[in-house]
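Reviewing the structure listed below.
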Amino acid sequence: MINELATWFIFFCPLLAFIIIGMVVWPFVGKKSKVSGYLTIAALLSSTILSFWALGSVIQNGHALEFESHNWLKIQNVDINFGIMLDGLTTIMLVVVNSVSLLVQIYSTGYMKHDGGYSRYFTYMSLFTASMIGLVLASNLIQMFVFWELVGASSYLLIGFWFNKPAAAAAAKKAFLVTRLGDFGFLLAILYLFFNSEAFISNGLNPFEVIDVNNAVALGVISSSVAGWVAIGMFAGAMGKSAQVPFHTWLPDAMEGPTPVSALIHAATMVAAGIFLVARFFPLFEASKEVMMVVALVGGVTAIFAASIGLVQNDIKRVLAYSTISQLGFMMLALGVGAYSAAIFHLFTHAFFKALLFLTAGSVSHSVGGTFDMRYMGGLRRLMPWTYGAVMVGGLSLSGIFPMAGFWSKDEILNHAWHSSTVVSDVVFWLALAAAFMTAFYMFRAVFMTFEGSYKGGAKSDPDIEISVEVTPHESPKTMVIPLIILSIATLLVGWLVNPLTNIGSIPMHWFSEFVHVGDGHEKVLAFNKMLAAISSLIALLGILLAYLIYVSNFGIFKSLQKTTSGVYKLLMSKYYFDELYEDVIVKQIFYSKLAAGLDLLDKSFIDGIVRTIDRSGRNIGRLIAQLQTGQLQGYGVVTSFGVLLMFGIYLIFR
Amino acid sequence: MDGLTQNTGFNGLLSALVFLPFVFALLIFVLPRNDNQVRLLAVFGGIVELVLSVFVFVVYNRGESGFQLIDRFNSWIPVDSFRIEYFLGVDGLSVPMVLLTGLLGMVAILASLGITHRVKQYFIWILILQGAVFGVFTALDFIMFFLFWELELIPMFFLISAWGTGRKDYSAMKFVIFTFLGSAFMLVGILALNVSVGTFDMTALPELVQGGIKLVIPAGAIFGLLFIGFAVKLPVWPLHTWLPDAHTDAPTAVSVLLAGVLLKMGGYGMIRVTASIMPDVMADMAWLLVTLGVINVLYGAVVTVRQTDLKRLVAFSSISHMGYVLIGLSAIASKGVDAASVGLTGASMQMFTHGTITGLMFLTVGMIYDRTHTRYIPDLGGLSNRIPLIGVGFLIAGLASLGLPGTSGFAAEILVFLGAFSVWPWLTGLAVFGVVITAGYILWMAQRTLFGPMNNRWEKLTDATKLELIPIGMLIVVILLFGIYPALLTDLFKMGVEPIVAAVTSSPEILNR
């Protein structure tokens, strides 16, 4: 059974790596020292092993492990404690975060080999992973918020890693700001909980402890409407981190970071944090039907909205970025219809196959000289067989084809949405089904554009990229291919193996779904719906077929669909004009040019103007009085005489 | 009227702390034959003061509340009804302020080593300034407090007008006149209290005034007079316009001290004087505090966004951040012990943390200016390529300023918000939006100075020297230390604000202690 110290070390290992690389290796050993990569990998290997130990311990224990928490801050009756919450959800997240991060780091040693900021890269990566682990371990709301923000800050550093690129610097800022806008809601939720702290404290509860907050509604400490407002605030934070519409705009831009960064933060970790937050406070969310409806609708709309934009992107990483947003929408809508375990299951499978897809994108780009534009790729199937195989596994999984991981988790979500009987769940079911069709289409559009047909020159043909050395497409080095293979195997296995339909050896039926429930067990595990599975598979296959007809076959009618002139295409290509609305209209025109400029002017001219006026009038009065001092004795004599007379007169009157 | 009996004695530590800078100033005046000896002596003085202030921080007994390390002569100026005492002492509120002053004094001296113009006078003024600020934070006799408060103006005036840049004479004069005007009101308030109560003893005043002694003018009026004096210093909108000018035109080290410790005299005064002596009036006026606080935060932040001069930008951000102090103080209106304590502790914490963060910011901005000779943001860019170490310091200051957890900025902000939200949910909610705007201007500033393509003009810039790294490192360590474990400070602050909270909430729980 894992003890507390060992659990903390899951967090400390990458933290120590961060400190050592940041303070010793980077400044003293070298900016490109190989040691940084090895240290990070060693730290994450240890963390991964410890995570599996934690997982085993919770399985063995049958319920959450409890540890003493430690006081961080105490003022009167207000206690902010830091501690560990080690339950099914946490351990699953630990395994996902650590194992994906480990593979990404191994891959990075190849991908970043020639980068001048090699040590800096691993410094940030270690910090990021440590923050993410801190987040999933947290047993306290403030503690969660601390790591939540640190995840944001370290992703800021990673997205802006190539800070000389204006686009990267801008994207980093955008990611931080948009997620912080959501955190405004998260922070208000924390404040609102504390607003009710007397009710908590008089019941012996702490308004910041995750468990106490979750139990508060059931115990009658807070009303369901209070719970609803708190949940809405938290959901705003979750929407920011998980890039739900309308907070989605930061994620595609964040592709400016190095590709392994995208694989880590946009597949398994940062973006999953929002889903994790909702899952962590699921009892609170469930207390309010309205909030659940909002969650489901936002998820459903995000799923189809992002998938539609993904249909037309030419940048392979952007396709994956929109696909990530869309898949996060799937998870969110699952949570909204009450399918807690299905959402986490999808988070779990998605982490593996999306990391796989991002890494293959990196591998492809590496091979063709640095471009991500699929219009300049093509024909890479023979040249890069391992990468191609990995893409097929990942792509089929994303499309939800049997027996890949994605098939199982997506099916479970659809099944829950179908069986849930509210109006909202009906709507989101159809949204999800439509999104599934689009997903299969855009994924295989990307696969065909990249790997089929003839090679179109890679970076050399891309006008946006200046290349110094000519590259011929080739398979990537072992350090990059091995993580692809491991992730492919995981994608093939994790779906049916961890959440099987029947008992497989020592793995019981629906193991995963049962396990992530902390023991409340009130959600029924639905039986596998063969009919639904068949329909969704058929829809996905149709999507793939359509992509094949348009991008591979040479049938005239379909070929003409590649044309890019229609209005719909324009709308999709410009991403429904969200960036223009936010950046040009709201930020630049309204905020910066009107509000900020107005207040700045007010400050300079009016408020400081009053000061200057007082200053000037003071001087003028002084000058006026100074003019009286003429130096002529006669004048003074006249004034003095009048003064004496005046005083005498006053004396006489008021005597 | 003899004051409280436990507040007597002579420890000597605080007297040394307050008067050694003057001694060093005198030594610098007399001894050195060249500029390097002046610098050496000043650095030595700074180290002595830092060590003493750390010593105060360590020896202050956290087990018992109240004033400690007392230095008191009952008969300094022994006129019967107008007895002015020599009275120094520290409690949980002032101990961190003393530490802050010692720390930033050292930083300021180190940051001034590059000064070549009239070196002797410069360091004499810096040391006098530091001594005066120590005096403000430790004086417990109201007249002494006031004398130190005024004394600080003289070195500031000369430091800005003789060693500053830009419209330095205008800015120096503006600073002096604003503060002077505020202190004139304050002096009337102090005298009105004395006439009513018959003492200048700041430790005895709270009990006497709250005990129901008849005041010569209404309590609200006295409150107003005192408050204006502190409000100018903090500064509170709309009395803030001296700040951007003074900060921008002052030399680097003076900006560090001005933003780092001098502004805190305003907030300190609000807690030490107005909140302690008249907590009930303060609670009645809390609506005004929170309203002005929200204006400070949002107005300051929005105006900051427009600034194109690095120093001016940081100056406006200070106005915004001082709003959090007011908002934290407004929790004094809470009926609950918890919210009031949290809010007041947060306000105090915000003062300390802003001192270190903005100190670091002005320090690094100064280093950038020393190298590029410009503070105009559009001219900068890509500086991280050439001066990465200064860039790291600047970025850490920025992230701390936007309240990133792990830095002390977060601990202060969250406490302010928690405390104030319990009393003023809507207004505080508005102020919370300030954190989004803050993130906006900080990151935009970082993007335009540190990141992006580099201007070729900056090809030859050299990074921080080892000597420059010392103050940067010191401040980073402090920011992270109190960010990772804020209880080191909040435990002190909460002891300092306890009597105030007890007075407003009349909580038997605290009073019985």
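Readers should treat all values here as calculations from the given coordinates under stated rules, not as data from a laboratory. Note that the structure is predicted; figures quoted are calculated from it, not measured. All Cβ positions, glycine included, derive from the backbone under ideal geometry; neighbour counts span all protein chains shown.
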How far, in degrees from 0 to 90, does helix B:310-329 lean away from the longest principal axis of the Cα atoms of chain B, to the nearest 10?
20 degrees
Starting from the Cα of residue A:482, step 7 Å toward the Cβ, then list every residue of segment A:244-272 with an amide N under 16 Å from that point.
none
In segment B:453-479, which residues have a backbone nitrogen under 19 Å from the label point lying 7 Å from residue B:370's Cα in the Cα-to-Cβ direction?
B:458-477
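Calculate, in nm to one decimal, what residue B:117 and residue B:36 gain on full extension: separation in residues at 0.36 nm each, minus their alpha carbon distance.
Working: separation 81, 0.36 × 81 = 29.16 nm, distance 1.25 nm.
Result: 27.9 nm gained on full extension.
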Which whole number gives the average count of other chain Cβ atoms within 10 Å of the Cβ atoms across peptide B:336-344?
4
I'd like the distance separating the alpha-carbon centroids of segment B:452-467 and segment B:171-235, in whole Å.
49 Å
Using all alpha carbons of chain A, what is the percent of pairwise distances in each 10 Å bin, ordered from the shortest bin to the longest?
3, 15, 25, 24, 15, 6, 3, 3, 3, 3, 2, 0, 0
Dipole magnitude of segment B:279-513 about its Cα centre (Cβ charges: Lys, Arg +1; Asp, Glu -1), debye to nearest 20:
700 debye
Straight distance only, please: which aspartates and glutamates reach the Cα of residue A:32 with their own Cα at less than 13 Å, same-chain residues fewer than 8 apart left out?
A:115
Measure nothing but the geometry: give the 0 to 90° angle between the long axis through the Cα atoms of B:434-449 and the longest principal axis through the Cα atoms of chain B, rounded to 10°.
30 degrees
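Multiplying the sequence separation of residue B:73 and residue B:54 by 0.36 nm and subtracting their Cα-Cα distance, what value in nm do you get? Provide the component values of the computation, followed by the final result.
On the way: separation 19, 0.36 × 19 = 6.84 nm, distance 2.50 nm.
Working it through step by step, the gained length comes to 4.3 nm.
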If you count, for every residue in B:234-245, the Cβ atoms of partner chains within 10 Å of its Cβ, what is the mean?
2
Once the dipole of segment A:340-554 is set up from charges on Cβ (+1 Lys and Arg, -1 Asp and Glu), the residue from the list A:416, A:401, A:341 lying farthest towards its positive end is A:401
Can you tally the net charge around residue B:220? Count Lys and Arg as +1, Asp and Glu as -1, for every other residue whose Cβ sits under 12 Å from the Cβ of residue B:220.
-2
Exposure proxy check: B:163, A:418 ranked by fewest other beta carbons within 10 Å?
A:418, B:163
Given the C-alpha centroids of segment A:124-150 and segment A:426-465, what is the distance between them in whole angstrom?
34 Å
Under 20 Å Cα-Cα from residue B:174, which aspartates and glutamates qualify once same-chain neighbours fewer than 8 residues away are excluded?
A:600, A:603, A:608, A:615, B:150, B:152, B:245, B:249, B:309
For segment A:243-385, what size does the Cα cloud have along each of its three principal axes, sorted from largest down, in whole Å?
54, 24, 24
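From the mean inverse distance of alpha carbon pairs (Kirkwood) and the Cα radius of gyration, derive Rg over Rh for segment A:1-134. Before the final figure, lay out each step's value.
On the way: Rg = 16.6 Å, Rh = 15.7 Å.
The Rg/Rh ratio comes out at 1.06.
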Quick one, what does Rg over Rh come out to for segment B:418-513 if you take C-alpha atoms and the Kirkwood Rh?
1.17
Listed pairs A:173/B:460; A:113/A:174; A:173/A:410; A:173/B:233; B:264/B:466; A:410/A:530 exceeding 25 Å between Cα atoms:
A:173/B:460; A:113/A:174; A:173/A:410; A:173/B:233; B:264/B:466
Once you average over the residues of A:603-614, how many Cβ atoms of partner chains fall within 10 Å of each Cβ?
4
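How much length is gained on full extension from residue A:568 to residue A:625, taking 0.36 nm per residue of separation minus their Cα-Cα distance? Could you put the intermediate results ahead of the total?
On the way: separation 57, 0.36 × 57 = 20.52 nm, distance 7.72 nm.
Extra length available between residue A:568 and residue A:625 comes to 12.8 nm.
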How many nm separate the modelled label positions at residue B:29 and residue A:545, each set 7 Å beyond the Cα in the direction of the Cβ?
9.7 nm
Using every Cα-Cα pair within segment A:340-554, state what percent have a distance larger than 25 Å.
45 percent
Once the cut-off is 14 Å, how many percent of the Cα-Cα pairs in segment B:314-375 end up in the long-distance tail?
62 percent
In this model, which of B:335/B:494; B:214/B:494; A:34/A:478 are farther than 19 Å apart at the alpha-carbon?
B:214/B:494
State the three equivalent ellipsoid semi-axes of segment B:279-513, derived from the C-alpha gyration tensor as the square roots of 5 times its eigenvalues, in descending order and whole Å.
37, 19, 11
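Going by average Cβ density within 10 Å per residue, which order do the peptides A:620-628, B:242-250 take, highest to lowest? Numbers along the way, then the final one.
Values: A:620-628: 9.2, B:242-250: 25.4.
By packing density, highest mean first, the sequence is B:242-250, A:620-628.
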Value of Rg to Rh for segment A:580-655 (Rh from inverse mean 1/r over Cα pairs, i.e. Kirkwood)
1.54
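Helix-derived [θ] at 222 nm for the protein assembly as shown: sum -39500 (n - 2.57) over DSSP H runs of at least 4, divide by residue count, nearest 500?
-22000 deg cm²/dmol, from helical runs alone.
Evaluate the charge dipole of the protein assembly as shown about its Cα centre and quote only its size in Debye, nearest 20, assuming +1 on the Cβ of each Lys and Arg and -1 on the Cβ of each Asp and Glu. Could the numbers behind the result be given before it?
Details: 65 positive and 66 negative charges, 643 e Å.
The calculated dipole for the protein assembly as shown is roughly 3080 debye.
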Rounded to two decimals, the Debye log10 I(q)/I(0) of the protein assembly as shown (Cα scatterers, no solvent) at q = 0.05, 0.07, 0.08 Å⁻¹ is -0.38, -0.70, -0.88
Rounded to 10°, Cα long-axis angle of helix B:337-372 versus longest principal axis of chain B:
30 degrees
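Given a Förster radius of 22 Å and the C-beta distance between residue B:195 and residue B:221 as r, what FRET efficiency does 1/(1 + (r/R0)^6) yield to the nearest 0.05? Provide the component values of the computation, followed by the final result.
Details: r = 13 Å, r/R0 = 0.58.
E(calc), rounded to 0.05, equals 0.95.
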Overall Cα dimensions of chain B - principal axes, largest extent first, Å
70, 58, 41
Reachable aspartates and glutamates, given that their alpha-carbon falls under 15 Å from the alpha-carbon of residue A:317 and they are not under 8 places away in the same chain:
A:253, A:256, A:373
